[in-house]
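The values are calculated or read from the model by the stated rules, or taken from the named source; none is laboratory data. The shown structure was predicted, so the numbers you read here are calculated from the model rather than taken from an experiment. Cβ: placed from backbone, ideal geometry, glycine included. Neighbour counts: every protein chain shown.
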Ligand code: PLP
């Protein structure tokens, strides 16, 4: 096969085949090989590929107008998408601001929080506490919140460092606490940090309700969520949920926050919100925050492409599909099926140390010893090796090294929310085959 020259670069040179087409949970390369999209790309393609309703809606909008600058016109797709978004999110989140991606959403959340604080005479509050490990995006502001050393260190010194607290990696804890006490223990780390920094300097706390790439679908004990909300309220610190990955139904609720009955002050959305049909994201906040900013002259922020009618028509069709096809309920149901299947792998592969997640955001992690949760030897490069073995067999997985980037390979299994039970079975056959090949390679 002759190499096609490429002038394009991303993080590295791209050895992958050319994509031809997508259909439901499957992608096909130009040779006709079929892949199960076991990670929905990067947890993006929530309603699957080539959804006819979404394509029809985008095409219809294309024939009318592809762009109208938001300062020159209101558009029905953007207004309707904002209405639908508010309808699908919990009460108290009733103002929407559109962006084109996750990092933009995180940046926008911070700037809204900051401008709101200024309107309240609290301009001294500028620190945003985030967690370690975490991932919030790749622009400088979002990267400064990200708790993942390999992504931050190459750019150091960065902007003034934002304080960090530990993510509740409770599966690694070897204390004798109950789950409830453990959750509270991690929440108190936030309280301690706010006091240490000085409450009148702390603007916000940002967290992924269920971890994404950085932690591998890490879920905190239930007690954590409510206590964090209380602590933020105690000190007037705004609570920002980064639901870029978890939002739009991925965990079996429209927002993951709903699992714990939490109303954050600001929510960041992207990924599944546009579901791969358009670059789209949003922040959703309460009128309580937004109205004072508008009264004070307006939100000093905005991206040129944000809220364009083409992207918003795609987003609207995506949310309609989620509702009409009951895909959020399906994510909850199929998430249970998938979780049982993944847990069963632990009987067969001693190097799987943990299985976790919520809805269709699930992960398994490799260890060399389950009793100590010692990671596999980093020299094995397990995170990339298993992905290759699965890819060869027609299954796409998403992997990262976790625990702050030192070692500890985890794999996200997050198929489109349209997946059926039979398709989960089909996916597991390939996954077991890839794991068998990996076990053989490492001599287990
Ligand atoms: N926040 C979270 C939780 C994410 O998972 C991501 C992307 O993986 C981002 C923010 C950044 O989104 P984007 O890559 O669209 O800028």
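Within region 176-193, identify whether any single residue is away from the ligand (no atom under 16 Å from the Cβ), in contact (Cβ under 8 Å) with a residue 60 or more places away in the chain and over 27 Å from residue 149 (Cβ atoms), and answer yes or no. No, the conditions are met nowhere in region 176-193. Go through the residues of region 324-342 one by one and say whether even a single one is crowded, with 24+ Cβ neighbours inside 10 Å and within 30 Å of residue 73 (Cα to Cα). Within region 324-342 (the criterion being crowded, with 24+ Cβ neighbours inside 10 Å and within 30 Å of residue 73 (Cα to Cα)), the answer is no, since none of the residues qualifies.
Of the helices (runs of 4 or more DSSP H) lying entirely inside region 120-211, not one contains at least 1 residues that are more than 23 Å from the chain's Cα centre (by Cα) and closer than 18 Å to residue 108 by Cα. Of all the listed residues (263, 246), the sole one being within 25 Å of residue 342 (Cβ to Cβ) and either in contact with a strand residue (DSSP E or B) (Cβ under 6 Å, 6 or more places away or on another chain) or not assigned by TED's automatic domain parsing to the domain that holds residue 40 (or both) is 246. Tallying residues that are surrounded by fewer than 19 Cβ atoms within 10 Å (Cβ to Cβ) and part of a loop (DSSP other than H, G, I, E, B) within region 345-366 yields 2.
Of the numbered criteria (1) within 12 Å of the ligand (Cβ to nearest atom); (2) closer than 22 Å to residue 116 by Cα; (3) free of Cβ contacts under 8 Å to residues at least 60 places away in the same chain, the one residue 231 fails is (1). Among residues belonging to region 154-178 that are modelled with pLDDT under 80 and within 27 Å of residue 11 (Cα to Cα), point out the one that is surrounded by the most Cβ atoms within 10 Å (Cβ to Cβ). Among residues in region 154-178 that are modelled with pLDDT under 80 and within 27 Å of residue 11 (Cα to Cα), the one surrounded by the most Cβ atoms within 10 Å (Cβ to Cβ) is 158.
Scanning region 205-224 for residues that are more than 16 Å from the ligand (Cβ to nearest atom) and crowded, with 23+ Cβ neighbours inside 10 Å gives a single hit, 224. Screening 55, 81 for residues that are in a helix (DSSP H, G or I), over 20 Å from the mean Cα position of the chain (by Cα) and farther than 30 Å from residue 113 by Cβ leaves exactly one candidate, 55.
Assess whether residue 251 counts as being more than 11 Å from the ligand (Cβ to nearest atom), in a loop (DSSP other than H, G, I, E, B) and at pLDDT 95 or above. Criteria met by residue 251.
From the list 78, 108, 100, 130, the one residue that fits, being in the same structural domain as residue 280 (by TED's automatic domain parsing), surrounded by fewer than 24 Cβ atoms within 10 Å (Cβ to Cβ) and within 16 Å of the ligand (Cβ to nearest atom), is 100.
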